[in-house]
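Have a look at the structure below before the remarks.
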Amino acid sequence: MTARKIIIDTDPGQDDAVAILLALASPEELEVLGITAVAGNVPLPLTSKNARIVCELAGRPDLPVYAGCDAPMARPLVTAEHVHGKTGLDGPEMIEPTMPLQDQHAVDFIIETLRSEPEGTVTLCPLGPLTNIATAMERAPDIIPRIQAIVLMGGAYFEVGNITPSAEFNIYVDPEAAKHVMASGCDITFLPLDVTHHALATQARVDAFRAIGTEVGRTVAEWTGFFERFDKEKYGSAGAPLHDPTVIAYLLWPELFSGRHINVEIALEDPLTLGMTVADWWRVSDRPANATFIRDLDADQFFSRLTERLARL
Ligand code: BDR
Ligand code: CA
């Protein structure tokens, strides 16, 4: 089996960090060509630093990390320090990374990689606002048919919003970028809040991370423990949703997930619904299906397989 080539576009964030670790723990299935940082949970200087911290934690200081767009396409940046802490990776004490940030801009890396790799062999995995991806598409439309697939964390339908009553954070922060990506005609899969709210890092699951007994296991337990405080209070649930790793898990184990191929549109007009993913789950419109929208997963399998993979690092 040849490994599937992916680019992880990310705004770490503790859950982004776990997603990166899961990908790097799975080299037989996934070849990470590079990590592109975008402004989102925290500003770009921090997300591009955090991505390197995670690579070093995984023992992969050789992996190229690129800094991308520092603000959404058409509006000021909204961040989420209230969830992720001041650094974006609050929880355990993290050391300064020593591996370099690449000189090339993330958008140029995405364009160059899609042009140089064989057509249809690179999958994009956005875990934050879609600014880098949409900017690359706008600047170089020739890359669009070369993209194998886009598997992203973002949106919500049944769970509606987490940053406004109607919108999920990643789509809300750069709704113009999301609209642009949806218009591309690419093969797009959403891992929305509808599925991530079933991936709860309960105490037993956090304990299992810690029980790995390694630096990675301890760090992941402390990260999930950190943003659990906020989400448990907000939702009154047994643990915080571990959003972004579902993207990588979907690539590794699609049999754990279920969803529908439906029409999804991004609301842009009304401030009340800005960034809402209007998903035609019940197929009540005649708008054509343009995305796969995942709704459920086998959470026990997800956490046990994730824990097993993290133990390999
Ligand atoms: C998404 O927003 C961020 O806070 C998380 O990293 C995740 O990508 C969830 O809405
Ligand atoms: Ca994220």
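The values are calculated or read from the model by the stated rules, or taken from the named source; none is laboratory data. A quick note: this is a predicted structure, and the numbers were derived from the prediction, not measured. Virtual Cβ from ideal backbone geometry, glycine too; neighbours counted across all protein chains shown.
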If you go through the stretch 32-77, how many residues are away from ligand 2 (no atom under 13 Å from the Cβ) and more than 24 Å from Glu117 (Cβ to Cβ)? 16
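Filter the stretch 85-131 down to the residues that are assigned to a loop (DSSP other than H, G, I, E, B), among the hydroxyl-bearing types (Ser, Thr, Tyr) and away from ligand 2 (no atom under 16 Å from the Cβ) and list them by number. Show your work before the answer.
Initially, the stretch 85-131 is screened for residues assigned to a loop (DSSP other than H, G, I, E, B), giving 85-105, 117-121, 127-130.
Still in the list and also among the hydroxyl-bearing types (Ser, Thr, Tyr): 87, 98, 121.
Within the stretch 85-131, Thr98, Thr121 qualify.
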For Phe158, work out the one condition from (1) touching a residue at least 40 places away in the same chain (Cβ under 8 Å); (2) crowded, with 22+ Cβ neighbours inside 10 Å it doesn't fulfil. (2)
Those residues that are surrounded by fewer than 20 Cβ atoms within 10 Å (Cβ to Cβ), farther than 30 Å from His261 by Cβ and within 16 Å of ligand 1 (Cβ to nearest atom), I need them from the stretch 189-232; list them, please. Phe226, Arg229, Phe230, Lys232
Taking the stretch 16-31, which residues are near ligand 2 (Cβ under 10 Å from one of its atoms) and touching a strand residue (DSSP E or B) at 6+ places or on another chain (Cβ under 8 Å)? Asp16, Ala19
Given the condition crowded, with 20+ Cβ neighbours inside 10 Å, closer than 17 Å to Ala23 by Cα and either within 16 Å of ligand 2 (Cβ to nearest atom) or β-branched (Val, Ile, Thr) (or both), answer yes or no: does some residue in the stretch 252-272 qualify? no
Do we have Ala167 as away from ligand 1 (no atom under 11 Å from the Cβ) and either at pLDDT 95 or above or part of a loop (DSSP other than H, G, I, E, B) (or both) here? no
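From Gly275, Gly259, which residue is under 19 Å from the mean Cα position of the chain (by Cα) and assigned to a loop (DSSP other than H, G, I, E, B)?
Only one candidate qualifies: Gly275.
What are the residues in the stretch 233-251 that are within 29 Å of Val181 (Cα to Cα) and either loosely packed, with under 15 Cβ neighbours inside 10 Å or modelled with pLDDT of 95 or more (or both), if any?
Leu242, His243, Asp244, Pro245, Thr246, Val247, Ile248, Ala249, Tyr250, Leu251
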Identify, please: which residue in the stretch 278-313 is touching a Leu at 6+ places or on another chain (Cβ under 9 Å) and assigned to a loop (DSSP other than H, G, I, E, B) and is, among those, farthest from Ala221 (Cα to Cα)? Asp298
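So that you can scan it fast, the table gives a plain yes or no per residue for (1) more than 16 Å from ligand 1 (Cβ to nearest atom); (2) modelled with pLDDT under 95; (3) surrounded by fewer than 23 Cβ atoms within 10 Å (Cβ to Cβ); (4) part of a strand (DSSP E or B):
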position: Pro12; (1), (2), (3), (4): no, no, no, no
position: Ala17; (1), (2), (3), (4): no, no, no, no
position: Ile35; (1), (2), (3), (4): no, no, no, yes
position: Val42; (1), (2), (3), (4): no, no, no, no
position: Asn50; (1), (2), (3), (4): no, no, no, no
position: Arg60; (1), (2), (3), (4): yes, no, yes, no
Return a yes/no flag: does the stretch 226-235 have any residue that is part of a helix (DSSP H, G or I), more than 16 Å from ligand 2 (Cβ to nearest atom) and not charged (D, E, K, R). yes
